[in-house]
Number of protein chains: 2
Amino acid sequence: MRFTKSLFTLVLALGLAVPAARAQEPVQPEYPGLETGKMWTFDVPPLEYWARRYNFQATPQWLENVRMSALRLPGCTASFVSSNGLIMTNHHCGRGCTVGVTRPGEDLLTNGFVAASQAEERACPGLYVDQLIGITDVTDRVNAAVTAGATPGRAAEQRDAVISAIQQECTAGQATTTCQVVPMYRGGQYKLYRFHRYSDLRLVMAPEGQVAFFGGDPDNFTFPRHDLDLTILRAYENNQPLHPANYFRWSANGSSEGDLVFVVGNPGSTGRLYTVSQLEYIRDLQYPMNLKALRSQLAVYRAVSAADAQHASALRNAIFGVANSEKAVTGYLGGLQDPRLMEHKRAWESEFRGRVNGDANLRRQYGDVWDNLARIRGQMRTLFLRRVYYSFNSYGARLLGLAGVVAQMPGQLAKPDSARPQEFRDANRQRIERGLYAGAPIDTMIEVRMLAAYLTNMAADLPATDPVRRAALGARTPEEAAAAMLQATQIMTGDQRRALVQGGDAAINASTDPFIRLAKVILPLQRDIDRQWTDLVNQESQYAERIARALLAVYGNTVSPDATFSLRIQDGQVLRYPYNGTYAQPYTTFAGLFDRWTGFSGRSPWDLPERWISHRDSLNLMTPLNGVSTNDIIGGNSGSPVVNRDGEVVGLIFDGNIESLPGNWLYEERVNRAVWVDSRAIVEALRHVYSAGTLADELTRR
Amino acid sequence: MRFTKSLFTLVLALGLAVPAARAQEPVQPEYPGLETGKMWTFDVPPLEYWARRYNFQATPQWLENVRMSALRLPGCTASFVSSNGLIMTNHHCGRGCTVGVTRPGEDLLTNGFVAASQAEERACPGLYVDQLIGITDVTDRVNAAVTAGATPGRAAEQRDAVISAIQQECTAGQATTTCQVVPMYRGGQYKLYRFHRYSDLRLVMAPEGQVAFFGGDPDNFTFPRHDLDLTILRAYENNQPLHPANYFRWSANGSSEGDLVFVVGNPGSTGRLYTVSQLEYIRDLQYPMNLKALRSQLAVYRAVSAADAQHASALRNAIFGVANSEKAVTGYLGGLQDPRLMEHKRAWESEFRGRVNGDANLRRQYGDVWDNLARIRGQMRTLFLRRVYYSFNSYGARLLGLAGVVAQMPGQLAKPDSARPQEFRDANRQRIERGLYAGAPIDTMIEVRMLAAYLTNMAADLPATDPVRRAALGARTPEEAAAAMLQATQIMTGDQRRALVQGGDAAINASTDPFIRLAKVILPLQRDIDRQWTDLVNQESQYAERIARALLAVYGNTVSPDATFSLRIQDGQVLRYPYNGTYAQPYTTFAGLFDRWTGFSGRSPWDLPERWISHRDSLNLMTPLNGVSTNDIIGGNSGSPVVNRDGEVVGLIFDGNIESLPGNWLYEERVNRAVWVDSRAIVEALRHVYSAGTLADELTRR
C-alpha cells in the first residue's frame, strides 16, 4: 500500500504491535577507546568494559582457552574445534589445500570433498597453522636499540636489526616455534608474539565451491547472505590425530538475537588512527583516482567484450575482478563521503586534541602533530597528480610499463648488485626477464583502447604545459596518440625488447620507439617526485608514531590498536540493522538460500550444486544459515570462530556487510556487521547433505 | 572473503560464470514520451512503442477485454477474475468490506475469512466497483464553455458548470451508470469516462491481516517482500453471481524474469510535468519543512514514551504513523536530491524547451512558460516560511489550532452562510463544534513539549522581528513560552471554549488567554499571505495548462498524461534490479517468507498466523510469493492485476520498492519497481493453507 495516510489508518486499525527492533539499535556506549574499534589484544583485554557493557566477567582461564583454541593460517584465521584436532576455517582459506590434494580427474574445488574415514583425510601440501602461546612486551628493548637523533633511515635499520635478533633468540632453533615482533599503535609499542606451529594438516571436508560462494561476486560484501563458506581440516602429530589441550566446544543451541558473541581472529589491517586530514586526502584524491582508473578499465573491457565474442569470454574474469574492486572502493569512499561518519570522526579527533592540549606536558610533546600531518597531506596533494601520471601504471595497457623496465635495464645492470633497487637485483633477475621477454602476447585491441583511456584521463588531469602530457600527446587527441604509438612501436615482442636491452644504453638512446621515448621523459621526473614523496612519507610515519603515543598517554589501554594480522578478541552482539528502508534480519536460513535460488531461477551465480537440490527435502529449511553481529572485523578475520559467553562455537566468520566497507577507517556499530556461517547450518549440512554424521558427531561431542 | 585481491584470485580460479544479470539492466529506450512515465490511457494506447520495444501487437479486442476486466474501487483497483464474477483486489483495499461483514465475536481483519460456499459469501455494505465502458473526448465542449478573457475564477466556474452538465447528460438517470469528466494533461484535454457500476459485492476470502501485511511498517515500501495482500470478492446481480462478459483468465504457469507484463489500474496522482524550478522548490523548501515537522513530532513522541510507560503504549501507533510518513517523504526527497535523477530531468526539460523554441509558432505560444513558472516559484519562496508559521498547524500541539477556530467563530457565524468559508458553513457546523467542544482531553505532557518543538523551529526559521514570532516568544525561550502559555491558558476544556464562543466577539476581544491572543495576531497576517499565495497558485495553474498543451503540440500522443485516478495500462518487464551492493531477486517465495519469519524469531511485525505455521509443510515453499517488474505505478494502483501478453493474470499489485518513492515526480526504469503478489502464490495458499480448493479451481478454470 503506497498512500502514506491510508497506511497509517491501516496500521492503527490492525493494531500491529511495535517491533521490538526499535529499541534494539545499539548505542555507542560511553567508552573512549571504542572510537578506534574493538580489536582487543589478549595481553590487555578490556575486562572492565566487558563487565560494564555485557555483565561479562572474562576469567584468565577463559581467555587462555579462547586464545589457545584460535589459530593463524596464512592470510586467514582458523580454530581447533574437536579433541581430535579438527580445525575449522573458510572454504576460501582452505582453498590452497583443496587444490593441493586434488587428484587427476577430480575437481574438488567445484565438487567438494568429504573424507569417508580418517584414513581418507588428505595431507595439505605446505599448509600450517600457528597457535599463539605467549606475548611479551619488548618495546623498551626495541626503542633502546635506536640511537638518539638517528635519521629515519638509520633508525629503521637499527629497529629491524634488534627485532630480527629478538625473533631469533625467541625461536631458538626449535622447528615448531615461530616468533614475530608485532608493532602495535604504529610503533607506539612492540610486542613479541610466540607461536606453536602445526605443519601436518589434512583435508577432512570442503563443500562445493558454488555453495561456499553462493551469489558470487554480486553477493560478495553483502548481507542477507547464504554461503556455507567452510573447510574442515585435521591437525596430525606423528601421523596421529592431534589432541589439543585447548579447543572450542560446539554450542548445543547456537545463538539468538541480542546474544553477546566474541570473534577470535587475525584482522589484517586498519587505519583507525588516521587523522581527519589524512582521511580527507584519501577521500578527495586517492579513492576518486582509484575509481576513475577502475571505471576506465571496466569501460574498455566492456566495450571490447561487446565488440567481440572471443574477447567477451576471455575478459569475463578480468571484468569480474575489476568490478569487485570497484565495488569495494566505492564502499570505502562511501564511508568517507558520509557526512555523519566524517563528522563523528571529526568530533572525536577534536576531543582527543582537546585532551592533549589540556595537559601542558602532553601539549608540548604532541600538540603539533595534527597540524604537521595536515601540512604533509597538503604537500602530498600538490604532488598527487604527477605521482599518478609520472609512472608506468597505464591501467591494463602494458607497453608503457615494459618500456619503463627496458629503458632502465642497461643502466641498472651496469651498477653493482647492492646499489640497484630491489627489483633489479640479481635475485630477481629471472623474474624480471620472464616478465619482459616471455609474457603473453600484447593484445592490440585492448592495448590501444586502454592506452587511449589512460591518456584521456591524463589529458583531463594534467595541464597542457606538463612535460609528460606534452611528450605523450603533443597536439594529438588521446585516441590519435594511442593509435600512432601502437602503429610505430618496435617493442611488441619479447625478442624486440631483449634485443633492445642487449644493445645497452646506446640502443636505448638511439631507439625511436614511442614508448621508450616517453619512458625516457618520465623516468627522471618520476625519480624527482619519488624522492619528495618518500621524504613526506618518512615524516608522516614519525608523526603517526607520536599520535599513537599521545593516544596511549590520553586513553591508555582502553584503546584497541589498529589491526596488524595478529590475534585479537572482538566483542559484539547478534543484531539486526537498518537496510533497504527496513531491517536486515539477524539470521538467514536454508529456506532463504532456496528462496534466492528460486528467485533467480537458479541462474548463475545463484545456481546450486546438484547434491543440494536433491537433498533439499532432507534439510530442516528453518535452520539458520548465516548471521550478523556487531563485532568489529576486517579482512584476515576470515575463518575466525564466533563464540558465546561459554567459549563455544556459534559461527564462522567469512565476510562483512556492504556497510562495513568503511571499516578500514571508521568503525560504526549502527550498521557495520560481521557476517558468519551459523554453527547449526554446519551440522545440519554435514548430517543431511553430506551424509557425514560421524564428522558432525565429532564436532558436537561435549 | 573481504580482501579484494584474494577474492579476485578466487573468482578466477573457480571460473564462476558471468551472471546473466549484467546484460539485463534496462536501457531507457528511444521514446520521447517515456520521460513522463508509462501510464497510458485506453483511448490512446502506444501501439507503435509496444510493437517496437516488445514486439507486442495489441489488438482492439485484446485492449477491450483488458479494459472491461479491470475495475475501480474507492481508492484502489480491482478486476474480474472468473466467469462467475470473482473479483480480486488487495487486502487493504477490501478492508472496509472485511470490517463491515464482521459479526459480533469475530475479528476477520486479524483472523481472515473463507466462505465455505457461495451461500456463505457476505455482502459488503456500501461497496461498489466501476467498470470503464467508454471514453469520449469533450475537450472542445469544455473549452468552448469558457468565455474568452474570463478571470481565472470565472473560468473555473464556467468549466465546472459545463463538466457537471456533461456528466449529468451522460448518466441520464441510470442507476448503474456513472460518468466523470477527467482532465488530462492538467487541463490540456478533457475526457468523459463512462462506467458501469456493480453495487452488490460479497466477501469470498481474505487472509489474516498479518500475512497480508507481513513485515508491517518496516517492510512497507520495500522489496524483497513477502505479503499475501489479497481480498477476493464476488459481484452479484439479481442475487445471482454475475457472469461478466469480460474477465481475466488465470495464467497456467505464471511469469518468468524478462516477461512483458501489463498493469491495468487507476494510478492516483503524479507530477511528472512539474518543471525543474517547481521540483527545486519542493526539494529545497517543502519536503525539508515536512521532514523537520515530522522529525520534531517523532522526537517529542519518543521522549514522552521514554519518560512514561503509559504514554509509550498509547503513542505506539502515532509514532508508527509519523515514522512511516517520515520514511515516505525521505524517499520522495531522496529522488529530488539524487543529482543523477535531477540531471536527467533537467536534460529532458532543456530538450523540450529547445523544441518549443525551435518552432516560431510554438515559441510565441509557449516560450515564456518556464521562466514564468520559475518566477512564480521564486515568489513562493519568499512567502514560504510565513505561510508555514502564519498558520495553526502546530504539529501535535492542539491548543493553538483550537484557539484559531474559537477566535474566528463569532465573526464567521455573524455572516450569511454563503459568505462564510466552506468549513464554517452550517452544513459543517456539527463537525466543527464536535471538534471544538467534544474532542479528547488535552494531554499536557505532550502539548507542552510539542508546542516547544514547534516554537523552536519557528524561532530558527523566522527573524526576530517577525510579528508572529514576537507575539509567540517575546524574549522567552521556546520552552519557557510553551510552559507559560500552558500555565495561563483558559481554553483547556471544551466547556471553556464553548463559553468563549458563546460570549461572541466581545469575549474573544477581552480574552487574556495566550493562545487566543496569539491567534488574533496570526489571523490577519495569515489572510494576507493566503491572498498572495492563492494568486500565485492560480497563475501557476494557467501556466501548467499551457505547458501541457506545449507537450501535446511537441510530442503528441507519445506522452502519457499524469495520473488522475483513472484507468491506465502500464507496460513493463519482470526484472531484478541493483540493491544493497548486489541484485534484488525478481521473485521471492514462500521459503523467503519463512526465512524472514525465522530470521527474526517470529517477533512482530514478522510474526505469522498459527494457520500458516501449522500448514508450512503442506506448502510448496518454492512457489513464487511476490515479484517485481518495471511497470510505472503509484498509489491507487493497489489491487491492479498484472497480466501477460495473453491478458492472463500473473500477479496482483500491492506496493512499490523504496526506490520507487521518487516516482511522484520522476520515473526511472533502472531501479523503480512495482511489487506484486504472484498469481501462483494465491492458488497455492488457497489450496494448501485455506483448504479452498473449490475457489482455486474457479480461479484457474480456463
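Summing both sides, the accessible surface hidden between A and B at a 1.4 Å probe radius is close to 7600 Å². Amide H to amide H, with H built 1.01 Å from N, A:Val181 comes under 5 Å of A:Tyr193, counting only residues 5 or more places away or on other chains.
Shielding by partners for peptide A:622-634, expressed as the average number of C-beta atoms from other protein chains within 10 Å of each residue's C-beta, is 2. Pairwise Cα separations in chain B fall into 20 Å bins from 0 onward with the following percentages, short to long: 15, 43, 36, 5, 0. Net charge in the neighbourhood of A:Trp612 (other residues with Cβ under 13 Å of its Cβ; Lys, Arg +1, Asp, Glu -1) is -3. Protection proxy ranking, highest mean first, for peptides A:527-537, B:680-690, B:202-212, B:235-245: B:202-212, B:680-690, B:235-245, A:527-537, where packing is the per-residue count of other beta-carbon atoms within 10 Å, averaged. Based on every Cα atom in the range A:615-702, Rg and the maximum pairwise Cα distance Dmax equal 15.0, 44 Å. Sequence-ordered 3J(HN,Hα) estimates for the range A:371-388 from the Karplus curve with 6.51, -1.76 and 1.60 and θ = phi - 60° stand at 5, 5, 5, 5, 4, 4, 5, x, 5, 4, 4, 5, 8, 3, 5, 5, 4, 5 Hz, glycine and proline given as x. Averaged over the residues of peptide B:84-92, the number of Cβ atoms from other protein chains lying within 10 Å of each residue's Cβ is 1. Taken one residue at a time, the phi angles of the range A:218-235 give Karplus couplings (6.51, -1.76, 1.60, θ = phi - 60°) of x, 7, 4, 6, 10, 8, x, 9, 8, 10, 9, 7, 9, 10, 10, 10, 9, 8 Hz. Gly and Pro are set to x.
Remark: relative contact order (chain B) = 25 percent; criterion is Cα-Cα distance under 8 angstrom and separation of 6 or more residues.
Quick one: Debye curve from the alpha-carbon atoms of the range A:321-446 only, equal weights, vacuum; give me log10 I(q)/I(0) at q = 0.13, 0.21 Å⁻¹ to two decimals. Here log10 of I(q) over I(0) equals -0.89, -1.26.
Place the peptides B:629-641, A:556-568 in order of packing, highest mean first, counting for every residue the other Cβ atoms within 10 Å and averaging per peptide.
The peptides rank, most packed first, as B:629-641, A:556-568.
Please list B:His615, B:His226 from largest to smallest accessible area, probe radius 1.4 Å, with all protein chains kept in place.
B:His615, B:His226
Taken per residue, the accessible surface of the range A:609-702 reaches 26 Å², heavy atoms only and a 1.4 Å probe.
Per-residue ellipticity at 222 nm for the protein assembly as shown, helices alone: DSSP H runs ≥ 4 residues times -39500 (n - 2.57), over residue total, nearest 500 deg cm²/dmol? Please list the in-between numbers first.
On the way: 54 runs with 655 residues, N = 1404.
-14500 deg cm²/dmol, from helical runs alone.
Net length available on complete extension from B:Glu120 to B:Glu423 is 104.7 nm, with 0.36 nm assigned per residue and the Cα-Cα distance removed.
The charge dipole of chain A, taken about its Cα centre with unit charges on the Cβ atoms of Lys, Arg (+1), Asp and Glu (-1) only, comes to about 1120 debye.
A label point on B:Pro524, set 7 Å along the Cα-to-Cβ line, lies at 8.4 nm from each of its counterparts in the other copies, closest listed first. Dipole magnitude for the range B:638-682: about 40 debye, using +1 per Lys or Arg Cβ and -1 per Asp or Glu Cβ, origin at the Cα centre. Backbone amide hydrogens, once placed in the peptide plane, bring B:Phe248 within less than 5 Å of B:Phe80, B:Val81, B:Ser82, excluding anything fewer than 5 places away on its chain.
Taking a Cβ cut-off of under 13 Å around A:Arg469, the surrounding Lys, Arg, Asp and Glu residues balance to a net charge of +1, with basic ones at +1 and acidic ones at -1.
Using the scaling law 2.2 N^0.38 Å as the reference, what is the normalised Cα Rg of the range A:210-355?
Here the answer is 1.52, to two decimals.
With viscosity 1.306 mPa s and temperature 10 °C, the Kirkwood radius over alpha carbon pairs of the range B:138-201 converts through Stokes-Einstein to a diffusion coefficient of 125 µm²/s. Taking the Cα centre of the range B:615-663 as origin and assigning +1 to Lys and Arg Cβ atoms and -1 to Asp and Glu Cβ atoms, the resulting dipole is close to 80 debye.
Classify the range A:241-306 as rounded, prolate or oblate from the Cα gyration tensor: take a ≥ b ≥ c as the square roots of its eigenvalues, call it rounded if a/c is under 1.5, otherwise prolate when a/b beats b/c and oblate if not. Prolate, because a/c is 1.5 or more and a/b exceeds b/c. FRET efficiency for the pair B:Arg645 and B:Asp160, taken as 1/(1 + (r/R0)^6) with r the Cβ-Cβ distance and R0 = 60 Å, rounds to 0.90.
Calculated from the alpha-carbon coordinates, the range A:297-362 shows an Rg and a Dmax of 22.2, 69 Å respectively. Based only on Cα atoms, what mean projected area does the convex hull of the protein assembly as shown have, in nm²? In nm², the orientation-averaged hull projection of the protein assembly as shown is 60.6. Ranking B:Ser604, B:Gly85, B:Ala553 by how far each Cα lies toward the positive end of the dipole of chain B (charges on Cβ) leaves B:Ala553 at the top. Hey, what did the range B:599-702 get for relative contact order, percent, Cα under 8 Å, at least 6 apart? For the range B:599-702, the relative contact order is 29 percent. Residues whose amide H lies under 5 Å from that of B:Gly134, counting only those 5 or more places away or on a different chain, are B:Arg194; hydrogens are built 1.01 Å from N in the peptide plane. With the convex hull drawn over the C-alpha atoms of the range B:458-601, the volume per residue is 368 Å³. Each of B:Glu169 and A:Glu64 was given a label point 7 Å from its Cα along the Cα-to-Cβ line. The distance between the two points is 10.0 nm.
One equal scatterer on each Cα of the range B:79-131, no solvent, Debye formula: the resulting log10 I(q)/I(0) at q = 0.20, 0.24, 0.25 Å⁻¹ is -0.81, -1.16, -1.24. Share of carbon and sulfur in the accessible area of chain B stands at 50%, probe radius 1.4 Å. Annotation for A:Pro339, label-to-label distances across the other copies: 1.4 nm (shortest first, one decimal, point 7 Å from Cα along Cα→Cβ).
Using the Cα centre of chain B as origin and beta-carbon charges of +1 (Lys, Arg) and -1 (Asp, Glu), tell me which of B:Val448, B:Ala161, B:Met39 is placed farthest towards the positive end of the dipole. Going by the Cα projections, it comes out as B:Val448.
Shown here is the pair-distance distribution of the range B:96-224: with all Cα-Cα distances grouped in 5 Å bins from zero up to the longest one, the shares run 2, 9, 13, 13, 10, 9, 11, 11, 10, 7, 4, 1, 0 percent. Each peptide among B:663-674, A:87-98 gets the average number of other Cβ atoms lying within 10 Å of its residues, and from highest to lowest they stand as A:87-98, B:663-674. Residue by residue along A:316-328, Cβ atoms of other protein chains within 10 Å of the local Cβ number 5 on average. Each of B:Pro244, B:Val204, B:Leu228 was scored by the projection of its Cα onto the charge dipole of the range B:200-245, and the greatest displacement toward the positive side belongs to B:Pro244; charges sit on the C-beta of Lys, Arg, Asp and Glu.
Surface exposure of the range A:320-363, expressed per residue as accessible area with a 1.4 Å probe, stands at 45 Å².
The values are calculated or read from the model by the stated rules, or taken from the named source; none is laboratory data. Remember, it's a predicted structure, so these values are computed and weren't measured experimentally. Backbone-built Cβ (ideal geometry, glycine too); neighbour counts: all protein chains shown. Accessible surface is based on the protein model in full, side chains and every heavy atom, while ligands, DNA and RNA are left aside. Shrake-Rupley method; radii C 1.70, N 1.55, O 1.52, S 1.80 Å.
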